[in-house]
Amino acid sequence: MHEIEWHDSHSVGVPSIDEQHKRLMALTNRLFLAIMDEAGETVLEGVLNDLADYAVYHFTHEEELLRTHGYPEDLLTEHRAEHKALTDEVHRYIARYREDPANLDLSVYVFLRDWTTEHMSRSDSRYSEFLIAHHAE
Ligand SMILES: [Fe+2]
């Protein structure tokens with residue numbers, strides 16, 4: 001298993017979102033390395049919290065950008081639901097970790113890696129053309 005890598009195919013054509021996706025991937029990789037290194041509890045909890053906070057920040061930005069540019073309400077609602085599902089799952093991982101740090105293994109990384117890449121290439125690519133046409137930055 002190795003870290004996630006950014007590829008140009010991940011780009012949604014909107015600079016602010018691409019930058020945030022890269023940062024989200026970097027945080028996911030940081031979690032991967034912390035688990036691999038068997039980092040201490042303070043480090044692991046810090047990385048998990050940073051990731052959860054950044055995901056919320058990024059999703060809010062993305063949803064706000066879509067709303068501002070008049071993305072169709074039904075598609076936005078669907079997209080929001082996906083973001084919420086991810087946020088809830090990350091908080092569940094954090095809760096399980098707090099119950100017992102031994103609960104945290106690479107499955108959290110696999111989940112985040114797959115979710116991020118799948119969400120970017122499927123759901124986010126759906127709004128890509130729309131935002132590019134609206135000159136979103
Ligand atoms: Fe998204």
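The rows are residues; the columns are (1) exposed (fewer than 14 other Cβ atoms within 10 Å of the Cβ); (2) within 16 Å of the chain's Cα centre (by Cα); (3) at pLDDT below 95; (4) within 11 Å of the ligand (Cβ to nearest atom).
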residue	(1), (2), (3), (4)
Glu63	no, yes, no, yes
Leu66	no, no, no, yes
His69	no, no, no, no
Asp74	yes, no, no, no
His79	no, yes, no, yes
His83	no, yes, no, yes
Tyr97	no, no, yes, no
Asp100	yes, no, yes, no
Asp105	yes, no, yes, no
- Query: What is the residue count in the stretch 111-128 for residues that are more than 15 Å from Ser16 (Cα to Cα) and either away from the ligand (no atom under 13 Å from the Cβ) or of a type in the set (Gly, Ala, Ser) (or both)?
  - Reply: 6
- Scanning the stretch 85-95 for residues that are among the hydroxyl-bearing types (Ser, Thr, Tyr) and either surrounded by fewer than 11 Cβ atoms within 10 Å (Cβ to Cβ) or more than 12 Å from the ligand (Cβ to nearest atom) (or both) gives Tyr93
- Message: Test of understanding: among Ser9, Ser16, which residue is more than 14 Å from the ligand (Cβ to nearest atom) and under 17 Å from Ile132 (Cβ atoms)?
- Response: Ser9
- Message: As an exercise: evaluate Met120 against (1) more than 13 Å from the chain's Cα centre (by Cα); (2) on the phi < 0 side of the Ramachandran plot and give the number of the one condition it does not meet.
- Response: (1)
- Message: Restricting to the stretch 107-137, name every residue that is farther than 23 Å from Leu66 by Cα and surrounded by fewer than 14 Cβ atoms within 10 Å (Cβ to Cβ).
- Response: Ser107, Val110, Asp114
- Query: Hey, does the stretch 23-44 have a residue that's under 21 Å from Val12 (Cα atoms), open to solvent by 80 Å² or more (accessible area, probe 1.4 Å) and either touching a Phe, Trp or Tyr at 6+ places or on another chain (Cβ under 8 Å) or not in a helix (DSSP H, G or I) (or both)?
  - Reply: yes
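The values are calculated or read from the model by the stated rules, or taken from the named source; none is laboratory data. Given the structure is predicted, the values throughout are model-derived calculations rather than measurements. Neighbour counts are summed over all protein chains in view; Cβ atoms, including those assigned to glycine, are modelled from backbone coordinates with ideal geometry. Heads up: the accessible areas ignore ligands, DNA and RNA and are worked out on the full protein's heavy atoms, side chains in. Shrake-Rupley method; radii C 1.70, N 1.55, O 1.52, S 1.80 Å.
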